[in-house]
Amino acid sequence: MIRSLSAEKKQARFLKGDRLVANSVAGRGRVTQSSGLHAPQMGNSIERPPNAFLLQTPSKWDTHPLKTPQTILWFTLAQTAKLNQKGRWERTIINTRTDLGDCTDAEWQVRVDLAAAHRLAVHYGYHEGIDNHFTALVPGHVDRFLLAPFGLHWSEIRARDFLVVDFSGNVLSGVGPVEDTAFYIHAPVHAARPDIACVMHTHMPYATALSMLEVPELLMASQNAIGFAGLVAHCDYLGFALDSGEGRRMATALGDKPVLLLRNHGVVVTGTSVADAFNALYFFERAAMAQILAQSSRQKLRLVPEPALSLTIEQYKTSAKVEGLARTDLHFAALKRMLDRSGSDYGQ
Ligand SMILES: [Zn+2]
């Protein structure tokens, strides 16, 4: 079933026939009965509220007297959780892999990696709670991508949770809200760059601090920074990305580079795989951190002189593999093992 991205339809699409289907994600806190709506009941589906049909079309939802923050919250939580016998919201499991329809082995692997990337972003402090976004093309397609439903904390995102969203904003599979800026940034970038498989947007601290400088450039003053020589594009800040024009502007600014530094905002880092993108995200933040720390000393930075600079740039190009294995893959595999040792459920 194809569903629209619009905010109204995001609410309306929670309704499937006469029953409200609970999602697989975690809820927090309680929902009080209000506005005549029934609180969610036990089980994976919830009886349709008496007036729910009024919420099934955007126009009706727009004018409906029950459209309050409380009822929107009710529908959101009803969609994402169930109430257990103790009256507390708990995680449910519905979108197991067997429920993901035509999910291929390749798509499942990307889902696992993308979920791991979210968890790792939490580990390293790159995330902002439920905000910022990582997306990956669905393998075998160049017109749709995986995106976590908005509202999940990055520490709880699992492989099964991702939505499949196309470049028109239709949710092709999965249940949950599509955050507007996620769609408006990532869809144009994926559309403009079919050569990249993964797009990561964060406000991670040191890269964002770099973006705030009058001259927001990664200086060729450290080995990690040289790894990004000639690979970073820039674009000015014009406010929230709330239309596709802003995303297209970012995609144009990115051009054929892998990294876009968004002035006064953060970064967009891309890669040919989730592992490739996360590796770049990790080392870009490391390079930015070293620069910001060095600049904090108020001493003049010493740039790497020639010919060492040119030599190092070339060495980066020829040292991407170790005994035939990509450094990026080895790095990401090691990071996933770190998650595995902690008992993380990202791969579920
Ligand atoms: Zn942002």
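The values are calculated or read from the model by the stated rules, or taken from the named source; none is laboratory data. Just so you know, these numbers come straight off a predicted model, no measurement behind them. Every residue, glycine among them, receives a Cβ derived from its backbone with ideal geometry; neighbour counts consider all protein chains shown.
Could you grab me the full set of residues in the stretch 187-214 that are under 15 Å from L262 (Cβ atoms), away from the ligand (no atom under 15 Å from the Cβ) and either part of a loop (DSSP other than H, G, I, E, B) or in contact with a Cys (Cβ under 6 Å, 6 or more places away or on another chain) (or both)? Don't jump to the end; show me each part of the working.
To start, the set of residues in the stretch 187-214 that are under 15 Å from L262 (Cβ atoms) comprises 188-189, 199-213.
From what's left, away from the ligand (no atom under 15 Å from the Cβ): 206, 213.
Matches in the stretch 187-214: L213 only.
With the requirement that a residue be under 17 Å from W108 (Cβ atoms), part of a loop (DSSP other than H, G, I, E, B) and within 16 Å of the ligand (Cβ to nearest atom), what does the stretch 118-169 give you?
The one that is under 17 Å from W108 (Cβ atoms), part of a loop (DSSP other than H, G, I, E, B) and within 16 Å of the ligand (Cβ to nearest atom): A148.
Search the stretch 198-213 for residues that are in contact (Cβ under 8 Å) with a residue 60 or more places away in the chain and under 21 Å from F183 (Cα atoms) and pair each with any residue that is of a type in the set (V, I, T) and within 11 Å of the ligand (Cβ to nearest atom) when their beta-carbon atoms are under 6 Å apart and the residues are at least 6 apart or on different chains.
Listed by first residue and then by second, the contacts come to H201/I185; H201/V268.
Could you identify the single residue in L231, L218 that is surrounded by 18 or more Cβ atoms within 10 Å (Cβ to Cβ), away from the ligand (no atom under 14 Å from the Cβ), over 19 Å from the mean Cα position of the chain (by Cα) and farther than 20 Å from H127 by Cβ?
Numbers: L231 fails: surrounded by 18 or more Cβ atoms within 10 Å (Cβ to Cβ).
Step by step, each of L231, L218 is checked, and only L218 is surrounded by 18 or more Cβ atoms within 10 Å (Cβ to Cβ), away from the ligand (no atom under 14 Å from the Cβ), over 19 Å from the mean Cα position of the chain (by Cα) and farther than 20 Å from H127 by Cβ.
Right, G266: within 16 Å of the ligand (Cβ to nearest atom) and either in contact (Cβ under 8 Å) with a residue 60 or more places away in the chain or not assigned by TED's automatic domain parsing to the domain that holds M212 (or both) or not?
Details: within 16 Å of the ligand (Cβ to nearest atom): yes; either in contact (Cβ under 8 Å) with a residue 60 or more places away in the chain or not assigned by TED's automatic domain parsing to the domain that holds M212 (or both): yes.
Yes, satisfied.
What single numbered condition from (1) at pLDDT below 95; (2) closer than 26 Å to V112 by Cα; (3) of a type outside the set (D, E); (4) loosely packed, with under 11 Cβ neighbours inside 10 Å fails to hold for K321?
Among (1) at pLDDT below 95; (2) closer than 26 Å to V112 by Cα; (3) of a type outside the set (D, E); (4) loosely packed, with under 11 Cβ neighbours inside 10 Å, K321 violates only (4).
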